[in-house]
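> Once you've had a glance at the structure underneath, I'll fire off some questions.
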Amino acid sequence: DILSEEDEQDRVPLQKLKLLGESEELRGLLQNPHLRQLLLTIDQAQDKSSLMRKLMQEPLFVEFADCCLGIVEPPEKENVLPE
């Protein structure tokens, strides 16, 4: 695939992707058979973008997505006083 510069900004470095495999929280979520079925359905879908829009309304999928994003892009600590 040829990626534009904008597409390249949306890519997650391999080092951060490896953190997903180390997450106990994510591993726990993936034990849920319903979530596993949702992920298989996405993987096998022809129109992934349309299905993703629907699944972003599904609380379990949103929890999964939030967990993944929190791992690869941890929220910045706000209003933290230096020690």
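> Using a 1.4 angstrom probe, figure out how much accessible area the range 21-72 has per residue, in square angstrom, rounded to the nearest whole.
Value returned for the range 21-72: 69 Å² of accessible area per residue.
> For D66, what accessible area in Å² do you get when you roll a 1.4 Å probe over the heavy atoms of the protein chains, rounding to the nearest 10?
Surface open to solvent at D66 totals about 100 Å².
> Then there's this: Kirkwood Rh over Cα pairs of the range 21-72 into Stokes-Einstein at 10 °C, 1.306 mPa s: D in µm²/s?
Translational diffusion coefficient: 138 µm²/s.
The values are calculated or read from the model by the stated rules, or taken from the named source; none is laboratory data. Here the structure is a predicted model, which means the values were calculated and not measured. The area values use the complete protein model at the heavy-atom level, side chains included, leaving out ligands, DNA and RNA. Shrake-Rupley method; radii C 1.70, N 1.55, O 1.52, S 1.80 Å.
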